Each structure stands twice: as C-alpha cells, then as structure tokens.
Amino acid sequence: MRILIVGAGSTGGFFGAKLASAGRDVTFLVRPQRLSQLEQHGLCVKSPAGDIEIQPQLITSAQIQGPFDIVLLAVKAYALDSALRDMEAAVGPDTVILPLLNGMRHMDVIAKQFGADRLLGCVCKVATSLDEHGHIVQQGTFNDIAYGELDGSDSERITLVHAFMQDAGFDATTSKTILRDMWEKWTLLAAMGTINCLMRGSIGDVASVKGGHAFAMRAIDEVVSIVRAVGQEPSEPFLTQAYRLLTLEGSPQTSSMYRDLMAGRGIEADQIIGDLLVRANAKGLEAPILALVYTNLLVYQAQSGK
C-alpha cells in the first residue's frame, strides 16, 4: 500500500518518518517552502525513543499522478480547505482518508468534498513541535494513533490499514468507538485550551493559585455538558482522568493551542472553541466561559494577524 501524508509538519512528519523508517511506502505532499527545507536538510525527528533522519519522498500538488491507497491528512484545521484542494488528485474510488485534525467540523467538510465513504475516524495523541531548523521534536513518550469505521463495524479496509500502520514505532490500534474517541479528544482539547489560554498558564500554574482549581472545574463542567448535549457521551473512565489531569497541581501540561498562541503562531480558535460554542448556541445552551475564551482568542488573532 502507498500512503500520502498531507502536511510534513510536526504531526504528519512524525508519523510519516516513523512509517518510512519501518519500510512503508510514504510520500509527503508539501508546499514549496517546506519542500525546499526538506530537500536541503531531510526530515529529522528528535525523540526520547531515538532520533530519525530520512530523505523523504516529496511531491507538490501539481506532481500528483494518481490515487494513493491511504491519505493521512495532518494539517492545522485552518489550512484544511487548501489542503483538500491540493490532495484532490490523490483521492480515488478506493482511497481511505485518515484525518488527524482537531474538533469535528473537518469530518463534514471532507465528507462533502470526497464522500463520507472515503472517511475513517481517527484520533492521535502525540506532543510534537518544529524547532528553528524545521526538525520535529517530540515531548514526552506517548505516540498513539487509533482509527475505525464511523459506525463501529469491522471492514476489510480497516484490516488493511491496520496491517500498514502497526509495528512502525508508534502505538496503532483499531477502535469500534472511534466517534466517541474523537469527541473525547475534543472535550479534552477544548477544556485544556480554555484553562491555559484564558489564564495564560499551565494546568499546574492555574491549579496552584486561589480560585484556580474551582475555575478549572467550572470550565471542564461546561465543556462536558455541551458535548453530552451535542455529541457523544464521554465514558466514565475518560471523565475521571480528564478531571484529574486538568486540575493537577504541579502539572506542566499545556494545550497545543496555548503553545501556538504563546509563540505568536496561528491558532485553531474556531475549530476547538468556536465550533463547540456554535453547537451549544444551536441547542440554546449557556456557555459563558467558552464565550469568554473565544472572544479572548479572537482579539489575539485580530492583533497578530494570524
């Protein structure tokens, strides 16, 4: 099987480099600036599990000559529309699309353009960033990816995708509850992003000050209540862990959106916070904390031009 990684940034580059190092047929679809950087320096992953350096197979959208078996879509949500245009020639009747994006809005957008039958649900958990040289740096040791049919069924293509993805240096699993998994990840990202971005600190920073723990609990409660009303019911083990992780004193944990904000980069305000707020409003639900952090993030975007 052949896989096209759309986006050779910190997430797509990480999983693509692992797959290529494991001998899989991997091609990266990149924009001209990233193409030049990777052609000159190669693709480097710095990880506690061991560094990887490869000379990746690279193409631009104009060089796509036909469909791939798998398209792993690994771009920031605000770059989704342009990425879908760029990859159009790579999607054929039997192509499977695995989207590694946050939130849920992208599922509707991809289904509208390519058809829902092309899509698998997908969730990844990895903390990576690009350094000043364009190298991918992994923080922590977790590197998980799960995928499944949206209706929870078994299928031949899931078997084929899993055979391709497993034993490649990261934890790859199939899931019969992938929709719930995706909603749970969104719950965690929205709650953590709210806590970090509104308070401008890590989970531990917020938990350690007077009123911080109570604020974090209210933020989590609000997000969870919305998800219960508009999405999938989170599991009890997930909720227990989420409340513990997001109120833990001494925790250095921060969301990727907060790290992007502090670095002056573009942020996924609309996809992680705004879309959840839209869904809450459509149900007539009060969401004062989400509304506050969303306005805060819009001010940042207006000031920074990101």
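Observations on the model:
- Helical mean residue ellipticity (222 nm; -39500 (n - 2.57) per DSSP H run of 4+; nearest 500) of the chain: -13500 deg cm²/dmol
- Helix 10-21 and the long axis of the chain differ in direction by around 40°, with both axes built from C-alpha atoms.
- Packing rank of 165-177, 145-157, where each peptide gets the mean count of other beta carbons within 10 Å, highest leading: 165-177, 145-157
- For the chain, with +1 on Lys and Arg beta carbons and -1 on Asp and Glu, the positive-most of Ser61, Ala214, Leu100 along the dipole: Ala214
- Taking Lys and Arg as +1 and Asp and Glu as -1, the other residues whose beta-carbon sits under 14 Å from that of Val75 total +2.
- With R₀ fixed at 35 Å, the C-beta to C-beta distance from Val278 to His133 puts the FRET efficiency at about 0.35.
- In summary, the lysines within cross-link reach of Lys76, defined as a Cα separation below 30 angstrom excluding same-chain residues under 8 places away, comprise Lys18, Lys46, Lys112, Lys125, Lys176, Lys185, Lys283, Lys306.
- Unit charges on C-beta of K, R, D, E only; dipole of the range 1-131, Debye: 240
- Of the peptides 276-289, 187-200, 75-88, the order by per-residue mean of other Cβ atoms within 10 Å, starting with the highest, comes out as 187-200, 75-88, 276-289.
- In order along the range 212-220, the phi-based Karplus estimate (6.51 cos²θ - 1.76 cosθ + 1.60, θ = phi - 60°) of 3J(HN,Hα) comes to x, 5, 5, 4, 4, 5, 5, 5, 5 Hz; Gly and Pro are listed as x.
- Net charge, Ala263 excluded, C-beta distance under 12 Å - Lys, Arg +1, Asp, Glu -1: 0
- Positive-end extreme of charge dipole, the range 180-304 - chosen from Ala242, Gln301, Met257 (charges on Cβ): Gln301
- Summing Cβ point charges (Lys, Arg +1; Asp, Glu -1) relative to the Cα centre of the range 188-293 gives a dipole of roughly 160 debye.
- Over all other residues within a Cβ to Cβ distance under 13 Å of Gly169, the charged ones net out to -2, with Lys and Arg as +1 and Asp and Glu as -1.
- Dipole magnitude (debye, nearest 20) for the chain, charges at Cβ of Lys, Arg, Asp, Glu: 620
- Dipole of the range 2-176 computed with +1 at Lys/Arg Cβ and -1 at Asp/Glu Cβ about the Cα centre; of Ser153, Leu119, Ala168, farthest Cα towards the positive end is Leu119.
All of the numbers you see were taken from the coordinates with simple rules; none came from a lab. This is a predicted model, so every value here is computed, not measured. Every residue, glycine among them, receives a Cβ derived from its backbone with ideal geometry; neighbour counts consider all protein chains shown.
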